[in-house]
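Engineer: A single structure is presented below for examination.
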Amino acid sequence: MNTPVQVLVTGATGRTGSLVVQKLQQRKEQFIVRGFARSRQKVEQLFGTTEGFYFGDIRDPATLAPALVGCQGLVILTSAIPQPKGIPQPGQRPELTFATGEMPEAIDYQGQINQIDTALSAGVNHIVLVGSMGGTDENHPLNRIGNGNILIWKRKAEQYLIDSGTDYTIIRAGGLQDQPGGKRELLVGKNDTMLKNPPNGIPTSIPREDVAEVVVQALLEPNARNKTFDVISQPEDASGAVITKDFAALFAQTTPGF
Ligand code: NAP
């Protein structure tokens with residue numbers, strides 16, 4: 001039997017990160033999982049214990065270092081989080097912005113660089129990074145939130161990871177849904193081809209649970225190493241769709257490089 005791989009998941013209290021932690025915890029023979037979070041209270045609420053969790057802030061590499069000692073794998077699931085700016089007028093949507101000091105440049109770029117550099121110093125040999133589709137369009141509406149250019153900074157961090165020389169898997173997800181996973185056919189592409197030309201006109205979205213499973217499978221399947229890809233799902237009831245179970249075959253459709 002192989003020794004379990006020690007993996008740190010950052011953004012462990014996030015909506016996708018917490019699912020990845022849970023999925024890795026269920027595969028005790030394959031993984032020893034650690035979580036990295038900034039809120040003890042959230043970890044206790046989500047997991048009922050703080051055992052196996054490290055606390056800190058990705059803007060402070062000194063807090064990342066202890067969490068990565070002895071790890072072979074790192075899953076990056078942190079992200080700057082848009083929040084409402086003030087109270088909206090009745091009937092209007094709230095304008096979104098980022099908290100002071102938590103702009104995408106600080107979180108999605110420098111914060112990710114801190115994670116990559118600290119992981120490499122600790123001897124991590126595979127980094128899985130979850131990013132977002134849409135980044136080929138500088139004018140994408142998400143870039144306008146708080147003038148944060150979030151997708152641009154995410155892509156700069158992706159390039160940094162590729163250039164770092166370690167094994168990587170970059171998963172650029174479509175719109176994330178809180179729906180059950182394991183019920184849909186997953187589709188992969190690259191550099192927003194599916195956004196520009198959605199297959200059969202389907203929504204370019206995917207359940208968070210399916211993204212979490214892609215992360216787990218990327219840690220397991222050699223075919224996912226040094227690949228960058230977009231991923232969406234067919235609707236659950238799409239005719240002719242085949243629920244994705246063979247992840248080696250899915251990763252075989254993906255390609256290396258940016
Ligand atoms: P999420 O729930 O927003 O989680 C983000 C995580 O980052 C949270 O756990 C947050 O901690 C953590 N974080 C933020 N700043 C931090 C800091 N300074 N130090 C430590 N941790 C920090 O994420 P999600 O919605 O599951 O999205 C996962 C990824 O997919 C993100 O990169 C997102 O941009 C991307 N994506 C999203 C969509 C979408 O439709 N929303 C579409 C495609 C891709 P706290 O829990 O303490 O706040």
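Engineer: What are the radius of gyration and Dmax of the chain, computed over its Cα atoms and given in Å?
Structural biologist: Final numbers for Rg and Dmax: 17.8, 61 Å.
Engineer: So, one more: Between Ala173, Ala119, Ala99, find the one with the highest GNM mean-square fluctuation for the chain; connect C-alpha pairs within less than 10 Å.
Structural biologist: Checking each option, the largest mean-square fluctuation is seen for Ala99.
Engineer: Shifting gears a bit: Report the calculated FRET efficiency for Phe55 and Gln92 (r = Cβ-Cβ distance, R0 = 41 Å), to the nearest 0.05.
Structural biologist: Values: r = 38 Å, r/R0 = 0.92.
It comes out at approximately 0.65.
Engineer: Also, quick follow-up: Report the full-extension gain for the segment Asn2 to Asp163: residue separation times 0.36 nm, less the Cα-Cα distance, to one decimal in nm. Intermediate values should be presented prior to the final figure.
Structural biologist: Details: separation 161, 0.36 × 161 = 57.96 nm, distance 2.97 nm.
Separation in residues times 0.36 nm, less the Cα-Cα distance, equals 55.0 nm.
Engineer: Any idea how far apart Ile243 and Gln179 come out in nm if each label point goes 7 Å out from Cα toward Cβ?
Structural biologist: In this crude spin-label approximation the distance works out to 1.4 nm.
Engineer: Run the paramagnetic zone check for Glu236: 7 angstrom along Cα to Cβ, then residues of the range 154-178 with backbone nitrogen under 14 Å.
Structural biologist: Zone members listed by number: 177-178.
Engineer: Using Cα centres only, tell me the gap between the range 53-129 and the range 1-48 in whole Å.
Structural biologist: Spelled out, the Cα-based centre of one part sits 16 Å from the other.
Engineer: What do the square roots of 5 times the Cα gyration tensor eigenvalues come to for the range 41-134, in whole Å, largest first, as semi-axes of the equivalent ellipsoid? Can you show the working numbers first?
Structural biologist: Numbers: eigenvalues 178, 58, 29 Å².
Equivalent ellipsoid semi-axes, largest first: 30, 17, 12 Å.
Engineer: I've got another one for you. With a 1.4 Å probe and every protein chain kept in, tell me what percent of the accessible surface of the range 5-252 is carbon plus sulfur. Let's see the in-between values first.
Structural biologist: Numbers: 5500 of 11500 Å².
Using a 1.4 Å probe with all protein chains present, the range 5-252 comes out at 48 percent carbon and sulfur.
Engineer: Next question, about the same structure. Can you give the accessible area of Arg27, probe radius 1.4 Å, in Å² rounded to 10?
Structural biologist: Roughly 70 Å² of Arg27 is accessible to a 1.4 Å probe.
Engineer: Calculate the radius of gyration of the Cα atoms of the range 87-218 to one decimal place, then report Dmax, the largest Cα-Cα distance, as a whole number, both in Å.
Structural biologist: Spelled out, the Cα radius of gyration and Dmax of the range 87-218 are 16.4, 53 Å.
Engineer: Please check: in the Gaussian network model of the chain (C-alpha springs, under 10 Å), which one of Tyr160, Tyr54, Tyr168 has the largest mean-square fluctuation.
Structural biologist: Among Tyr160, Tyr54, Tyr168, the largest mean-square fluctuation in the Gaussian network model of the chain belongs to Tyr160.
Engineer: Where the centre of each part is set by its Cα atoms, how far does the range 155-193 sit from the range 209-231, in angstrom?
Structural biologist: With the range 155-193 and the range 209-231 each reduced to a Cα centre, they are spaced 8 Å.
Engineer: Counting only heavy atoms of protein chains, what accessible area per residue, in Å², does the chain have with a probe of 1.4 Å? Present the calculation step by step, with values, prior to reporting the outcome.
Structural biologist: Working: 12360 Å² over 258 residues.
For the chain, the per-residue accessible area is 48 Å².
Engineer: Provide Asp178, Asp210 ordered by accessible surface of protein heavy atoms (probe 1.4 Å), highest first.
Structural biologist: Numbers: Asp178 115, Asp210 10 Å².
These residues rank, largest area first, as Asp178, Asp210.
The values are calculated or read from the model by the stated rules, or taken from the named source; none is laboratory data. Because the structure is predicted, anything quoted here is derived from the model rather than measured. All Cβ positions, glycine included, derive from the backbone under ideal geometry; neighbour counts span all protein chains shown. We work out accessible area using only protein heavy atoms, side chains counted, and drop any ligands, DNA or RNA first. Shrake-Rupley method; radii C 1.70, N 1.55, O 1.52, S 1.80 Å.
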